[in-house]
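K.L.:
Got a structure here, written out as structure tokens. Questions coming.
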Amino acid sequence: MGLISKEETSRRIPSLTGMRFVAACMVFVSHVAGNRIFGDGDTNDTFFDLFNPAGWMGVGFFFILSGFVLTWSARDDDTVRSFWRRRMVKIFPNHLVTWFAGLVLMIVTGEVLNAFHAIPSAFLVHTWIPRMDALTGTNGPSWSLCCELVFYLAFPYLHRLVKKIRPEHLWWWAAGTVTAIAAWAALVYTTFPKEPGIIWAPMPFWHFWAIYNPPPIRMLDFLLGILLARLVITGRWIPIGWTATTILVLAGYGAMLVVPPEFGMMAVTALPLAALIAQAATTDLTCAPSPFRGRVMTWLGEVSFAFYMAHYLILHFSLKAIGPQQWSVLEGLTVSLAIFLVTLLAAHLLYRHVEVPAMRAWARPRTTPARQTPAPTGAIPRQRTSVLL
């Protein structure tokens with residue numbers, strides 16, 4: 001592909017919207033696996049080994065996608081304050097609703113609750129604290145918003161620096177970023193403490209936290225997304241087609257199952273996920289067929305953030321209300337599907353009644369109506385821009 005114009009980067013990329021829901025579903029499935037809902041221990045172990053890593057891939061996708069989308073939609077006339085305002089309004093309303101819901105549910109069900117659960121997570125700083133109670137907060141998945149918050153604060157300045165990279169050097173920077181992700185995993189794997197262990201991942205706690213949670217480390221994923229967008233915009237990306245991209249992603253997922261989990265969390269999937277995002281973007285630009293572009297997939301992608309924020313609360317407390325069960329595979333999958341559908345309904349309500357109204361009300365500052373003056377002859381009226389963009 002050649003150089004992408006500003007007009008082309010203003011176009012929506014619906015395939016990436018649809019793919020967001022697939023990533024959210026991967027996180028949902030990983031949490032189902034982590035709850036070990038089947039009666040047979042071997043079945044639980046197999047299901048966990050196969051699908052727990054799906055959550056790592058889903059989160060990695062979101063982080064790379066954030067860098068890509070923000071770079072793709074960046075405008076020269078945007079201000080840092082306006083950008084920050086839109087991003088804060090995007091994440092905090094859904095976060096605060098689900099944070100409060102988690103707090104109430106923990107109190108009502110008698111779960112252990114302390115200040116480390118509630119206070120750091122309310123302000124989205126809990127992923128910086130290497131304590132299990134802090135990391136889970138009142139709504140476990142909200143830890144990733146701590147990283148997104150740092151990404152948003154840094155983006156105006158990081159994007160400015162990346163734009164100074166000469167196009168012919170972008171591939172070297174992207175390769176260096178992927179290498180840095182793998183190098184950090186190798187350093188943690190070889191030098192960090194081997195104790196204590198954790199139940200939600202087959203690795204020591206310090207290994208998990210050091211690779212998966214700290215915003216400065218996950219900033220590498222975000223940077224990869226920025227570089228990826230610049231590769232596409234400057235015409236340096238080489239499209240490889242859906243078949244090759246699918247094979248690469250499946251190979252990355254297969255590698256997650258066999259390498260030490262420290263490398264499975266991101267090192268072996270960074271390149272496949274980057275290729276997937278670039279493929280979806282270039283497919284939409286050329287209007288080629290895409291499995292993620294339909295009306296249903298686009299709607300699912302729009303509610304995916306709300307789905308992500310609500311799913312763990314509904315899954316965890318639904319299973320807790322049902323009580324200990326010894327389900328067969330069919331029974332367990334049926335219950336999981338029912339919880340999935342309930343979560344999708346909750347996501348629709350959260351999106352429609354919290355996320356969208358908040359963006360409409362607060363994403364842009366209110367302005368005092370100015371005194372109307374006649375437009376010069378031949379002037380083109382300024383068009384109103386949707387606050388949801």
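Since every read-out is calculated from the coordinates, none of them should be taken as a lab result. Quick caveat, the model's predicted, so the values are computed rather than measured. Reconstructed Cβ throughout: ideal geometry from the backbone, glycine too, with neighbour counts over all protein chains shown.
K.L.:
Which whole-number percent is the relative contact order of the chain (Cα, under 8 Å, 6+ apart)?
P.N.:
Computed value for the chain: 29 percent relative contact order.
K.L.:
How far apart, in nm, are the 7 Å Cα→Cβ label points at S318 and R352?
P.N.:
Label-label distance for S318 and R352, simple model: 1.9 nm.
K.L.:
According to a simple spin-label model (label point 7 Å from Cα along Cα-to-Cβ), what is the distance in nm between N35 and L96?
P.N.:
Calculated label separation equals 2.9 nm.
K.L.:
Can you compute the radius of gyration and Dmax for the chain, using only the Cα atoms, both in Å?
P.N.:
Every Cα atom of the chain included, Rg and Dmax give 21.6, 78 Å.
K.L.:
Also, I was wondering about something else. Over the range 150-307, calculate the relative contact order: mean separation of alpha carbon pairs under 8 Å at least 6 apart, over the residue count, as a percent.
P.N.:
Contact order relative to length: 24 percent.
K.L.:
Using +1 at the C-beta of Lys and Arg and -1 at the C-beta of Asp and Glu, which of L228, W362, M106 has the Cα lying farthest in the positive direction of the dipole of the range 8-362?
P.N.:
The listed residue farthest towards the positive side: W362.
K.L.:
What ranking, highest mean first, results for peptides 28-40, 211-223 when packing means the other Cβ atoms within 10 Å averaged over each residue?
P.N.:
Descending mean neighbour count gives 211-223, 28-40.
K.L.:
Something else about it: Taking the Cα centre of the chain as the origin and placing charges on Cβ (Lys, Arg +1; Asp, Glu -1), which of A275, S73, V296 is farthest toward the positive end of the dipole?
P.N.:
S73
K.L.:
Sticking with this one: Please give, to one decimal in nm, the separation of the simple spin-label points placed at R81 and F123, each 7 Å out from Cα toward the Cβ.
P.N.:
2.4 nm
K.L.:
Quick one: Karplus J couplings for the range 251-262, per residue in order, coefficients 6.51, -1.76, 1.60, θ = phi - 60°, nearest Hz, x for Gly and Pro?
P.N.:
In residue order, the calculated couplings are 5, x, 5, x, 5, 4, 7, 10, 7, x, x, 4 Hz.
K.L.:
To the nearest 20 debye, what charge dipole does the chain have about its Cα centre, counting +1 at the Cβ of each Lys and Arg and -1 at the Cβ of each Asp and Glu?
P.N.:
The calculation lands at about 1960 debye.
K.L.:
Given the options V258, L50, Y152, identify the residue whose Cα lies farthest towards the positive end of the charge dipole of the chain (+1 on Cβ of Lys, Arg; -1 on Cβ of Asp, Glu).
P.N.:
The residue sitting most towards the positive pole is Y152.
K.L.:
OK, next. Please give the calculated 222 nm ellipticity per residue for the chain, where each DSSP H segment of at least 4 residues contributes -39500 (n - 2.57) and the sum is spread over every residue; nearest 500 deg cm²/dmol?
P.N.:
Value at 222 nm, helices only, nearest 500: -22500 deg cm²/dmol.
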